[in-house]
Structure formats: C-alpha cells, structure tokens
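Step one of this worksheet: look at the structure below.
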Amino acid sequence: MNFINDNISEHKNVYDVLKERGFIKQTTNEDEIRTLLGKESVKFYTGFDPTADCLHIGHFMQIIVMIYMQKFGHIPYVLIGGGTGMIGDPTGRTDMRQMMTKQTVMDNCNNFKNLFDKYIDFSDGKAFAVNNADWLWDLNYIEFIRDIGRHFSVNRMLRAECFKQRLETGLSFLEFNYMLMQSYDFLQLYKKHGVKMQFGGDDQWSNIIGGIDLVRSEADGQAYGMTFALLTTSEGKKMGKTQKGALWLDERKTSVYDFYQYWRNVEDADVHKCLSMLTFLPMQEVERLAALEGAEINRAKEVLAFEVTKLVHGEEKAHRAQDAARALFAGGADMSNVPKTTIDASEFDGEGIGVVSLMKRVGLVPSNGEGFRTIEQGGLSINGAKISDKKLYVTKDLFDEDGKLLIKKGKKTFHMIELG
C-alpha cells in the first residue's frame, strides 16, 4: 500500500503537504491543528454515507487525504454511515434522498469497506473501520433529544448553508435531524476512541462545527475540524459527472477505459488541480506538467489519466486503457478495452434503431437534442464513416463481418456495439 513516493516525507508535517497540494479549505484553528499534527499521532475520522453500492471519484479525494495522514503516522477512523445513511444528508441536495431499506444500507456498507481495504492499511491498529449503525440504530429518541438536542439552537441551524438552501424547496424534519446525528458520531468517537479531529468536504463545515461544539459541551473536550476543497472545474462545476452519471471507482459501473478517458479529456485549466489532488506525483513534477502549453498539455493529461487510473484500477489495467486510447486516437486496431454494449441482433432487423436513439441508449449523449446537434456539427462517425443523416436507422448491414459497429463521437469518445 505504498502509494506515496518516499520523497514526500521531506515535509515533517502532513498539514504542509495537504496545504501545498491545495486540499485544505477551512480549519477550526490552523495553528493548533498544525502543531497537533506535528507533535503526536492523531486519531481522526472521515464519514461516508452508503447512498449507493459503490464509491465515486468525490470519495476518492477523501481517501487520498487519509492515505497522506496514515503515511505521516496518524490513525484514520473510516466511519461508514449505516445509521445516517437511513436518513440522508441534505447537504448539496435540491430534494430528499430516496429512502433505502436496512438491508440495502448494510449491503452498501460492506461494499464500501471492501473498497477501503484497497487503499487504507487496517493492520496492527494503523486504521479502524466503524459503522455508526452500532450506536444510532438502537437510540431511544426521547433520551437522544433530551441529552443531545438541547445543545442545538434551531435559529443557528437554519443559518447553516446545508439547510438554508433547502428551505425554499422544502426540508423535511427527518433531514433536519441529520446534523444532530453527525455531531453525535463525533461525540461517540471522541469518548470511545479518543478521536480528536473530523475531516470532510467543504460542504460539511456546518455539520463538523456542530460535532466540535457537542464534544465541548457534552464531554468538556477539545476537538478540531478540517474541510477540503470540493473537486470542481475552473468554472466551479463539480467534477466526476459524465453523460452516464457519476464517475464510479468500480469498473462494473464505469469501465476502466471510460474512467481513463474522463481524465484524458479534462480542460487545460484543470490539469494542475487534478494532478495535485488525485495523484501522488511530487509537486515539482506537477508544476512542470501543468506548465506545458499548446499540444504539449496533452502529455500532461496522459500522465494524469494514467496515474489516477493506476491508483483506482491498478497499473496493468491503466496500461491497457492507455494503449486502447492511443490506438484509437491514432487509428489503430486495438479495441479490447473500448466500452462495449451487446444488443440482440433482432433489434436491428427491418427498420432497425434510429442512430440518435442508439447513441442515447449506450450513453454517448444524454438527450436526443444533443445527439442531433452532434450529427449537425459533424461529430459522429460509424465504422470510420462520417454520419450526416440525423434520421439514419442502424440496421444489420452497417455492422462488420464480426457483428461489430464502432461509434465515434467527437475525436476521443468511442463505443462498440456488438450483436448478441
């Protein structure tokens, strides 16, 4: 699990590493936190609610922070939200999350733990995985509200950004409890395990402050919080969103090739941030690559795509994705790692399937409108032939002798259709 080059340890304090690489957004007390991280092994935690059966790239940034912390001798507590996941964090949401059964939540928790095992060393007390279902599921609500709820001011809670943005569209009382429960997590970890610090995305600031205040008022303890920049583009849009949805860390949900291509195609202005936050390359190398201009910046994007894919999927699969991307870009013939969809041959009988409907079906475009625009702008080809007819129907005669059809959207996006 040695993801980090040894030369990173030229820094004596992990705080300096995280700051240099652009992670840190807010801290409750910068000087105290830096001093603490420099003089002792600190127990800290980051929470992950199992709202899906897999982690996505937004989670991966938090994992990288934990890897850095562990490298410098600190002890991660990975908190999986089997309890809070039953409610759902309203932060950043415009609507209420869909409710999940206990079984679904726990299945998702198990999937999360398996992924964390790839990146965090849980041996010999170097890290711990905990589930807040252990203390939240069996809470007596009356006791909880009397003992914990009395410390929270409704007026102050309503000023929190996570609630404020939901008041116009509707905030359920169920979700309103979320801050109390996350704060209670910190109290439990502080009392039972001596956890002093909570990490999270910057959208978690209000919840983290709630936990620190609760530790102080209920346990007379000193706790700390640190938030990290969200993974956004230079235009402020959240990264990791594709036409097919989130950029998942499980190749069954996002193919290794699609994952690689996402990073290969980032905007020039985002290369520095992505190399800093999503790879363990030395900052000197990050600065060198990010400074490349014109066509040379594509070399930096190749390095970025390879390094991130290697961390998530392993070096062998990263090489395969890179080779496939290079072959396709150069007109080569290696199609083994191109995303594929198998469709029953009978669907291409007779009139077949409209080309725009087919593009949408395999996730090349999110809507018919974008499919039509792609063709109008000359951005679609099938088996090497440019398509200009927006009303084209794809039939069996367009497939090659092996029953395959390669769709190319733009210069870099490919999808193989195979007859089933």
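We did not get these values from a lab; they are worked out from the coordinates using the rules stated. In this text the structure is predicted, and so the values were computed from the model without any measurement. So basically every Cβ, Gly included, is an ideal-geometry build from the backbone, and we count neighbours across all protein chains shown.
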Please say if segment 204-264 is rounded, prolate or oblate, where rounded means a/c under 1.5 for a ≥ b ≥ c the square roots of the C-alpha gyration tensor eigenvalues, and otherwise the choice is prolate for a/b larger than b/c and oblate otherwise?
prolate
Using a Förster distance of 30 Å, the FRET efficiency for Phe372-Glu418 (Cβ separation, nearest 0.05):
0.75
Rounded to the nearest 0.05, what FRET efficiency is calculated for Gln103 and Arg252 with R0 set to 22 Å and r the Cβ-Cβ distance?
0.65
Match the structure shown to one of the listed values [x] 24.1, 75; [y] 26.8, 88; [z] 37.3, 128 of Rg and Dmax of the Cα atoms in Å, computed from it, and give that label.
[x]
If you take the square roots of the eigenvalues of the alpha-carbon gyration tensor of segment 269-328 and sort them as a ≥ b ≥ c, do you get rounded (a/c under 1.5), prolate (a/b over b/c) or oblate?
oblate
Inter-label distance for Glu30 and Arg150, nm, one decimal - labels placed 7 Å from Cα along Cα-to-Cβ:
3.8
Full extension from Met283 to Asn110: what is 0.36 nm times the residue separation minus their Cα-Cα distance, to one decimal in nm?
58.8 nm
Which of Ser183, Ser206, Ser172 ends up with the largest GNM mean-square fluctuation for the chain, with Cα atoms connected below 10 Å?
Ser172
For Val394, what residues show an amide H to amide H distance below 5 Å, using hydrogens built from the backbone and excluding near sequence neighbours?
Ile353, Gly354, Val355
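Loop only per DSSP, at most 15 neighbouring Cβ atoms within 10 Å: give me the GluC sites (Glu not before Pro) in segment 334-374, ordered by residue number. Write out the running numbers ahead of the final one.
Values: sites: Glu347, Glu351, Glu370; in loops: Glu351.
Those satisfying the criteria are Glu351.
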Would you work out the charge dipole size for segment 98-167 about its Cα centre, treating the Cβ of every Lys and Arg as +1 and the Cβ of every Asp and Glu as -1, and quote it to the nearest 20 debye?
500
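For segment 212-311, just say rounded, prolate or oblate: build the C-alpha gyration tensor, square-root its eigenvalues into a ≥ b ≥ c, call rounded for a/c under 1.5, and beyond that prolate if a/b exceeds b/c, oblate if not. Show your work: numbers first, answer last.
Values: a/c = 2.55, a/b = 1.72, b/c = 1.48.
Here segment 212-311 falls in the prolate category.
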Amide H contacts under 5 Å for Gly201, placed H, 5+ residues apart:
Phe228
Note the angle between two axes, namely the Cα long axis of helix 30-39 and the longest principal axis of the Cα atoms of the chain, as a number of degrees from 0 to 90, rounded to the nearest 10.
90
Which aspartates and glutamates, if any, have their Cα less than 19 Å from the Cα of Lys191, not counting same-chain residues under 8 positions apart?
Glu40, Asp134, Asp138, Glu143, Asp147, Asp213, Glu218, Asp220
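Can you pull out the trypsin sites (Lys or Arg not before Pro) in segment 176-243 whose DSSP state is coil and whose Cβ has at most 13 other Cβ atoms within 10 Å? Walk me through the numbers on the way to the answer.
Details: sites: Lys191, Lys192, Lys196, Arg216, Lys237, Lys238, Lys241; in loops: Lys196, Lys237.
Of the trypsin sites (Lys or Arg not before Pro), the ones in loops of segment 176-243 whose Cβ has at most 13 other Cβ atoms within 10 Å are Lys237.
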Between Gln222 and Asp202, what length in nm is gained on full extension when 0.36 nm per residue of separation is reduced by their alpha carbon distance?
5.1 nm
